[in-house]
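In what follows, a single structure is set out as structure tokens and then discussed.
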Number of protein chains: 2
Amino acid sequence: MPSDQGLDFTCPIPLQQYPNIVLAHGAGGRLMHTLIDEVFAKALSNPDQEAEHDSAVLPHETARLVFTTDSYVVRPLFFPGGDIGELAVYGTVNDLAMSGATPRYLSAGFILEEGLPIETLQRVVHSMKSAAERARVHIVTGDTKVVERGKADGLYINTAGVGVIDDGVDIAPKHVCQGDAIVVSGDVGRHGMAIMAVREGLQFESAIESDAAPLADLVAQLIDAGINVHCLRDLTRGGLASALNEIAKTTGYGIAIEESAIAVQEDVSGACELLGLDPLHVANEGRLVAFVAPEDAERARDIMRAYPDGGSAEVIGTVTGGTPFVTMKTFGGTRIVDMLNGDQLPRIC
Amino acid sequence: MPSDQGLDFTCPIPLQQYPNIVLAHGAGGRLMHTLIDEVFAKALSNPDQEAEHDSAVLPHETARLVFTTDSYVVRPLFFPGGDIGELAVYGTVNDLAMSGATPRYLSAGFILEEGLPIETLQRVVHSMKSAAERARVHIVTGDTKVVERGKADGLYINTAGVGVIDDGVDIAPKHVCQGDAIVVSGDVGRHGMAIMAVREGLQFESAIESDAAPLADLVAQLIDAGINVHCLRDLTRGGLASALNEIAKTTGYGIAIEESAIAVQEDVSGACELLGLDPLHVANEGRLVAFVAPEDAERARDIMRAYPDGGSAEVIGTVTGGTPFVTMKTFGGTRIVDMLNGDQLPRIC
């Protein structure tokens, strides 16, 4: 620590003087201000932020708002196809999009572990910046806390998101009807297996890449095309199986799907077999399931197929009467698809 | 783990079957749903939440929005005068209030360490519920992640907040003028010293209690009384000294304060002396500094004094011309009050 900073406190402490995070970076004093100015503000500042204000004052809104939050604790921080910063943007944007909202603003709260290289933080923050540009949201407010070595795992990020819903758009589980077609926007299981392959040191011809991507534009395209969208769900933790079970439980309807309609990349299904996992339980970060009026099913699928990385979108089943179970027709018969039990995939997002 | 849950997946797993957090509580499957239903939804559910939706759809707004976020990593989780749950509500509500907003909605993101007693989590969640009622905000959306033992410290909470600003209200650092009176809403240093006294095992006649409290009603009272409020700042990490230095740095004005006008409880100043701390650098969680037109100074102070726990509110100084320093008249002369250097008080919020 420099010995005398009594009179130069308007000058920031040079960033390179502390190449790794120390507790003082979270203490509210000069080092924290240096971090904010040099790392966060440089990458993320935008017209909605006012200097040195505790909160972001946003333009006048005249719409229904949507509000959501997610924390991100993925390990490792960087993986094929993405990193924690990208996930922290797309994951929250996608939660907003599932209600038919246009994502507008994100907050970003960082919990940093003492010893984290500033260079790692800079990479993550730049990745958030690019992801926010791609998803057309503004990161308008943030916070940094630092905890002692061994009290976090590099860094954790929380983002909360605010979006607006156009009049007339009403997408929610309560609108699911018997007879609805169930359409999935692409192949499943890639994000979870990209992470697990890195952790387990699995070798394939090419690395399995996460499907991490923003979905709000796809949702807007479905709505703009006049598709009668009843409910949307992004397929994150717990995978397709958990999303379908949640909808069955909430609506009281049964769900019948066909295994042959669900696309799984060959290396993903190989890795799942190796690790004893069911790809339907594996997380995705750029996939959604849509419940739409049956007459709109093919049109919805075609819009999804035209969306980046959506080539294997497919109608996978229908909403049925009866008991709130998810059943799947397989090569050999029919089986129940349960919600994930246990912790097969900790910290994949 | 029970051996056969194949067909009873609509029944939650009894909460008491896992008295401590396990990784599966964050995996997106049945245990996570049990935790959400039994711990979070029971305490925090409200009319703005729809069952099993990824985000909260909120009523139509026609106002300027304010958006803010903070993570809370305080250690210990419970301390005299408050706990992490209360802080997570008041801290974020107060950030909204500092722009003159009426706080409306909070999100709550939990990062839980494997092994955390569910009973501890329940205490914290109930405390958040009471705090939200007191501050008249709704916790409308949330998220839970679980990390392995040794990768967090019990639990961390992030809250983001959304508020609305009435037309005509515009409170921000850019409105600070030369000649403004500086009014502090009560005695300073209590929150930080309540935490430090517990950590250091200091014994006083009675425990130092945190000043944690919501401030939005106080701000509303100042505005409603027609006080010309130019800028507000809550005195959290870095204390009064950092807040004043931030305003000096942002506005380019000097700030002159009088030590004798700043109230510090006797046991707080005793504890500070013992630990070699300056009470002006110590965090508060229920105090604000207001920059107001000079003719409104006494009236602002009197409103603060009538607010709960505000008996020692006082006009402590003025905004001056000259260089952007904070100077303090003391018994012996005048000294510069610097921003906090280093990490004297890690993890106090």
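Could you check segment B:54-70 and list, in sequence order, the residues that are open to solvent by less than 10 Å² (accessible area, probe 1.4 Å) and assigned to a strand (DSSP E or B)?
B:A56, B:L58, B:L65, B:V66, B:F67, B:T68, B:T69
Every residue in segment A:20-33 that is more than 7 Å from every other protein chain (Cβ to nearest Cβ), assigned to a helix (DSSP H, G or I) and at pLDDT 90 or above, please.
Result: A:H25, single match.
With respect to B:D153, is the statement that it is of a type in the set (D, E), in contact with a Ser or Thr (Cβ under 7 Å, 6 or more places away or on another chain) and modelled with pLDDT of 95 or more true?
Against the criterion (of a type in the set (D, E), in contact with a Ser or Thr (Cβ under 7 Å, 6 or more places away or on another chain) and modelled with pLDDT of 95 or more), B:D153 does not qualify.
Looking only at residues in segment B:221-249 that are among the charged types (D, E, K, R) and not in a loop (DSSP other than H, G, I, E, B), which one is nearest to A:R30 (Cα to Cα)?
B:E246
Here's a check for you: in segment A:255-281, which residue that is part of a helix (DSSP H, G or I) and in contact with a strand residue (DSSP E or B) (Cβ under 9 Å, 6 or more places away or on another chain) is surrounded by the most Cβ atoms within 10 Å (Cβ to Cβ)?
My answer is A:L280.
Could you check how many residues of segment A:146-192 are under 30 Å from A:S269 (Cβ atoms) and in contact with a strand residue (DSSP E or B) (Cβ under 6 Å, 6 or more places away or on another chain)?
Qualifying residue count, segment A:146-192: 8.
Condition first: part of a loop (DSSP other than H, G, I, E, B) and farther than 26 Å from B:P279 by Cα. Can you find one or more residues in segment B:195-212 that meet it?
No - not one qualifying residue is present in segment B:195-212.
Among the residues of segment A:135-185, what is the count of those that are more than 14 Å from every other protein chain (Cβ to nearest Cβ) and over 30 Å from A:V319 (Cα atoms)?
Count: 2.
Could you grab me the full set of residues in segment A:175-192 that are open to solvent by 10 Å² or more (accessible area, probe 1.4 Å) and farther than 20 Å from A:A97 by Cβ?
A:C177, A:Q178, A:G179
How many residues are among the hydroxyl-bearing types (S, T, Y) and either surrounded by fewer than 24 Cβ atoms within 10 Å (Cβ to Cβ) or in the same structural domain as B:Y72 (by TED's automatic domain parsing) (or both) when one looks only at segment B:193-219?
Within segment B:193-219, residues that are among the hydroxyl-bearing types (S, T, Y) and either surrounded by fewer than 24 Cβ atoms within 10 Å (Cβ to Cβ) or in the same structural domain as B:Y72 (by TED's automatic domain parsing) (or both) number 1.
Please pick out the residue among A:A132, A:A101, A:A97 that is hydrophobic (A, V, I, L, M, F, W, C) and more than 12 Å from chain B (Cβ to nearest Cβ).
The conditions single out A:A132.
Of the residues A:V146, A:V162, which is among the hydrophobic types (A, V, I, L, M, F, W, C), over 30 Å from A:L277 (Cα atoms) and more than 19 Å from the chain's Cα centre (by Cα)?
After applying the criteria, what remains is A:V146.
Are there strands (runs of 3 or more DSSP E) fully within segment A:133-192 with at least 2 residues that are assigned by TED's automatic domain parsing to the domain that holds A:Q122? List them.
The qualifying strands (runs of 3 or more DSSP E) are A:138-147, A:155-165.
Do the conditions hold for A:K129, that is, is it closer than 30 Å to A:I208 by Cα, open to solvent by 10 Å² or more (accessible area, probe 1.4 Å), touching a residue at least 12 places away in the same chain (Cβ under 8 Å) and not in a strand (DSSP E or B)?
Considered against the rule, which asks whether it is closer than 30 Å to A:I208 by Cα, open to solvent by 10 Å² or more (accessible area, probe 1.4 Å), touching a residue at least 12 places away in the same chain (Cβ under 8 Å) and not in a strand (DSSP E or B), A:K129 comes out as yes.
When the residues of segment A:34-53 are narrowed to those that are facing another protein chain (nearest Cβ under 10 Å) and open to solvent by 60 Å² or more (accessible area, probe 1.4 Å), which ends up modelled with the lowest pLDDT?
If we take residues in segment A:34-53 being facing another protein chain (nearest Cβ under 10 Å) and open to solvent by 60 Å² or more (accessible area, probe 1.4 Å), then A:A51 is modelled with the lowest pLDDT.
Hey, could you check segment A:301-321 for residues that are open to solvent by less than 30 Å² (accessible area, probe 1.4 Å) and among the small types (G, A, S) and say which is modelled with the lowest pLDDT?
Here the residue is A:G321.
I'm checking my understanding of the structure. Among residues of segment B:107-129 that are away from chain A (no Cβ under 13 Å) and of a type in the set (S, T, N, Q), which one is nearest to B:I36 (Cα to Cα)?
B:Q122
Please indicate, with yes or no, whether at least one residue in segment B:290-300 is within 14 Å of chain A (Cβ to nearest Cβ) and modelled with pLDDT under 95.
Scanning segment B:290-300, I find no residue that is within 14 Å of chain A (Cβ to nearest Cβ) and modelled with pLDDT under 95, so the answer is no.
All but one of (1) open to solvent by 10 Å² or more (accessible area, probe 1.4 Å); (2) within 14 Å of chain B (Cβ to nearest Cβ) hold for A:A243; state the number of the condition that does not hold.
(1)
The values are calculated or read from the model by the stated rules, or taken from the named source; none is laboratory data. Remember, predicted model here, so these are calculated numbers, not experimental data. Neighbour counts are summed over all protein chains in view; Cβ atoms, including those assigned to glycine, are modelled from backbone coordinates with ideal geometry. The area values use the complete protein model at the heavy-atom level, side chains included, leaving out ligands, DNA and RNA. Shrake-Rupley method; radii C 1.70, N 1.55, O 1.52, S 1.80 Å.
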